[in-house]
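**Q** This is the structure I have questions about; it appears just below.
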Amino acid sequence: MIKLIASDLDGTLLLHGAQALNPEIYDLILALKKKGIHFIATSGRQIASQRNLFRPIADEISYIAENGAVCIYKNEVISTFSMDTDLAFRIIQSIKGQLDCLAVVSGAETCYIESGDDEFLYHVRHVLNNDTTVVDDFSEIQEPIVKIAFFDRSGTYASLDYFKEKFQKEIKVVTSGNDWIDFVPFGINKGAALRIMLEKLGIQAEEMIAFGDQENDLEMLQLAGTSYAMATAPDSVKQIATATTETVEEVLRELLASL
């Protein structure tokens, strides 16, 4: 019996660059909850951005944020992980050395961007709806860094190989959504975070359905008893999943109809 749904956001619940959820998902999640099925949003996004997306039902679900670095259940943080500081700042300097790459550095509750690009600030603060702190230089950050991501105006695949070659022995470099590349410490991923959630909830992996579309979803899809890759996902993701789907909503409708 299915007891848990875990879904990625960008490229999965948020299709074709959308920054607002299909309102149907709120009703589906509440209907599933009445059937004893819990919903977890899993994303590279920070918690503030995720809660904004799910505002009508924000207190009814759980969250895995920053690609697994932060887990929240019943509005309480149950686990956090941070990056090695020296490695983090070497990555930051490398991103800043690339002409079209704009970095976002995340703490547990706020993200940081450097001043000087008002258009990027608007996107991070008002489109992604991140809790955002502007600094003159990332060296001003005092708290532990939980994730580094960057937006490449030239497209993610223009720089993915470069950063993988440079840092792959020290950290995972993965695509996230359609426009971002994330740096994720080894052992920190959505799948590992979901194991923490499963233990907390007393649910087995076989009782979970997961949805995803990018490399940062692979461990989550591998863990779940049933997994769906989006139709738009690359082959490397589809090969891991047990099935594909055009939308998350259609699978959830079918699940509810079967209960």
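**Q** With Cβ to Cβ distances under 12 Å as the rule, what net charge do the other residues near residue 150 carry (K, R +1; D, E -1)?
**A** Neighbour charge sum, excluding residue 150 itself: -2.
**Q** Segment 150-258: Rg/Rh from Cα coordinates, Kirkwood Rh?
**A** Rounded to two decimals, Rg/Rh equals 1.02.
**Q** Less than 30 Å apart at the alpha-carbon level, and either on another chain or at least 8 residues along: which lysines does that give for residue 164?
**A** Of all the lysines, those that pass the test against residue 164 - Cα under 30 Å, at least 8 places apart if same chain - are 96, 147, 172, 190, 238.
**Q** Next question. Using 0.36 nm per residue of separation minus the Cα-Cα distance, give me the extension gain between residue 246 and residue 137 in nm, one decimal.
**A** Gain in length upon complete extension: 35.1 nm.
**Q** By how many degrees, 0 to 90 and rounded to 10, does the Cα axis of helix 248-258 deviate from the longest principal axis of the chain?
**A** 20 degrees
**Q** While we're looking at this one, here's another question. Roughly what percent of Cα-Cα pairs across the chain reach past 23 Å?
**A** Across the chain, Cα pairs with separations above 23 Å total 48 percent.
**Q** May I pose another question? If you add up the charges near residue 23, with Lys and Arg at +1 and Asp and Glu at -1, over every other residue whose beta carbon is less than 12 angstrom from its beta carbon, what do you get?
**A** -2
**Q** If you don't mind, another one. For the chain, what is the percent of antiparallel DSSP beta bridges, rounded to the nearest 5?
**A** Here the share of antiparallel DSSP bridges comes out near 50 percent.
**Q** Turning to a different aspect of this structure: Report the equivalent ellipsoid semi-axes for segment 95-229 in whole Å, largest first, defined as the square roots of five times the eigenvalues of the gyration tensor built from alpha carbon atoms.
**A** 29, 17, 14
**Q** Ok, one more. For each of 253, 51, count neighbouring Cβ atoms within 10 Å of the residue's Cβ, then give the residues from fewest to most.
**A** With the fewest neighbours first, 253, 51 line up as 253, 51.
**Q** While we're looking at this one, here's another question. How large is the convex hull of the C-alpha atoms of segment 13-55 per residue, in Å³?
**A** 77 Å³
**Q** What FRET efficiency comes out for the pair residue 254/residue 86, r = Cβ-Cβ distance, R0 = 51 Å, nearest 0.05?
**A** 0.55
**Q** Starting from the Cα gyration tensor of segment 88-138, take the square roots of the eigenvalues, sort them a ≥ b ≥ c, and report rounded, prolate or oblate (rounded when a/c is under 1.5, otherwise prolate if a/b is larger than b/c, else oblate).
**A** Cα axes put segment 88-138 in the oblate bin.
**Q** Counting only Cα atoms, I'd like the Rg/Rh figure for segment 1-94, Kirkwood definition for Rh.
**A** On the Cα set of segment 1-94, Rg over Rh gives 1.04.
**Q** Rounded to whole Å, give me the distance from the Cα center of segment 149-182 to that of segment 10-88.
**A** Result: 22 Å between the Cα centres.
**Q** How large is the charge dipole for the chain, taken about the Cα centre, if only the Cβ atoms of Lys, Arg (+1) and Asp, Glu (-1) carry charge, to the nearest 20 debye?
**A** 740 debye
**Q** Among DSSP bridges having both ends in segment 85-184, what percentage is antiparallel? Round to the nearest 5.
**A** 80 percent
**Q** Quick one: in segment 12-151, what % of C-alpha pairs are over 23 Å apart?
**A** 38 percent
**Q** Taking +1 at the Cβ of each Lys and Arg and -1 at the Cβ of each Asp and Glu, which of 106, 175, 133 sits farthest along the dipole of segment 85-184 towards its positive end, judged by Cα position relative to the Cα centre?
**A** Value computed over the given set: 175.
Rule-based calculations on the coordinates, nothing more; no lab input. Given the structure is predicted, the values throughout are model-derived calculations rather than measurements. Note that we place each Cβ from the backbone using ideal geometry, even for glycine, and neighbour counts take in every protein chain shown.
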